[in-house]
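Okay, so here's the structure we're looking at.
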Amino acid sequence: MRLTVLGGGGAYPTPERGCSGYLVEHAGFRLLLDPGYATLPALLEHVDAAAIDAVFVSHSHGDHCADLNPLLRIRHLDPDPPPPLPVFALPGATDSIMALDADMNLADNADVHEFDSGAELTVGPFTLHTASLSHFVDNTGVRIESGGYSLVYSGDGGADPALRDLAAQASVLLTEATFVEDVPSHSRGSLASAGLAAEHADRAGVGRLVLTHLWPGTEPRAAARSARRRYAGPLDVARPGLTVDVR
């Protein structure tokens with residue numbers, strides 16, 4: 001299983017990075033996680049739009065799903081359009097995206113599968129275990145398993161202690177770490193710091209930690225230093241083009 005980071009930023013894109021967006025590949029199947037703002041150009045550097053086999057959306061915020069719209073536009077406007085794209089999301093999480101460009105009937109190019117957190121899904125060669133993780137809106141974390149290896153992704157639920165159970169002994173934990181150390185009072189319980197993400201990773205016994213969803217302007221080395229004080233294993237900070245073999 002291979003993870004490729006397409007963005008890795010939170011809130012809004014910057015010249016350095018787009019928002020959340022991750023490509024997971026295994027056995028010839030391509031699963032796109034959270035196509036947030038400004039991640040489609042990065043995706044197209046790796047694969048054609050028609051080559052995406054399925055999309056998983058953790059929650060409804062635009063920095064996690066907005067580029068589903070141009071992805072569907074490309075597929076819709078293809079002279080030989082591919083079949084409708086399977087999209088897995090919480091109830092209502094993609095409604096605003098599907099409502100865009102109503103005159104083009106883009107929704108006809110998506111096959112939306114809504115599920116409740118806690119559901120287990122089979123998507124291509126992957127088994128997906130989902131779990132509700134706290135955020136400002138309904139958010140689901142996901143554990144993606146195949147071939148004896150596992151990738152756990154928090155969505156924006158990196159502050160929730162339940163992430164430790166979802167990530168127990170995972171090969172790789174890709175988790176939201178919006179802030180370096182101190183989380184502002186209005187975001188406590190809804191967003192995490194790099195230090196808290198590392199604490200979860202250490203307690204869960206994960207094989208590798210990847211910090212993502214950094215607040216715009218955050219210095220990646222500062223996030224890594226904060227995490228390193230609490231987690232001794234292999235550590236990365238998400239950046240466009242980063243690839244991680246999940247093993």
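Values quoted throughout were computed directly from the atomic coordinates according to the rules given, and no laboratory measurement underlies them. Note that the coordinates shown come from a computational prediction; the quantities given were computed from them, not determined experimentally. Every residue, glycine among them, receives a Cβ derived from its backbone with ideal geometry; neighbour counts consider all protein chains shown.
General observations
- Look at the alpha carbon pairs under 8 Å that are at least 6 residues apart: their mean separation over the length of the chain gives a relative contact order of 19 percent.
- FRET E, pair VAL137, THR14, Förster distance 25 Å, beta-carbon r, rounded to 0.05: 0.65
- Calculated [222 nm] ellipticity per residue, helices only, for the chain: -5000 deg cm²/dmol; basis is -39500 (n - 2.57) per DSSP H run with n ≥ 4, divided by all residues, nearest 500.
- Distance in nm between pseudo-label sites at HIS129 and TYR149 (7 Å out along the Cβ direction from Cα): 1.8 nm
- Length gained on full extension, ALA232 to VAL47, computed as 0.36 nm times the residue gap minus the Cα-Cα distance: 63.2 nm.
- Between the range 162-196 and the range 216-247, the alpha-carbon center distance in angstrom: 13 Å
- Highest to lowest packing among 225-234, 50-59, 155-164, scored as the average C-beta count within 10 Å: 155-164, 50-59, 225-234
- Phi angles of the range 66-82 translate, via the Karplus equation with coefficients 6.51, -1.76, 1.60 and θ = phi - 60°, into HN-Hα couplings of 4, 7, 5, 4, x, 4, 5, 4, 4, 5, 5, 8, 4, x, 10, x, x Hz per residue; Gly and Pro are given as x.
- FRET efficiency for ASP165 and ASP80, using Cβ-Cβ distance with R0 set to 35 Å, rounded to 0.05: 0.20
- Cβ-derived FRET efficiency at R0 35 Å, ARG239 paired with GLU181, nearest 0.05: 0.95
- Here each label is just a point 7 Å from Cα along the line to Cβ, and for ALA222 and ASP111 those points are 4.6 nm apart.
- Exposure proxy order (Cβ contacts within 10 Å, fewest to most) of HIS213, HIS76, HIS46, HIS61: HIS46, HIS76, HIS61, HIS213
- Fraction of beta bridges assigned by DSSP in the chain that are antiparallel (%, nearest 5): 50 percent
- The trypsin sites (Lys or Arg not before Pro) of the range 173-216 include none that meets both criteria, a DSSP state outside H, G, I, E and B (loop) and at most 13 other C-beta atoms within 10 angstrom of the site's C-beta.
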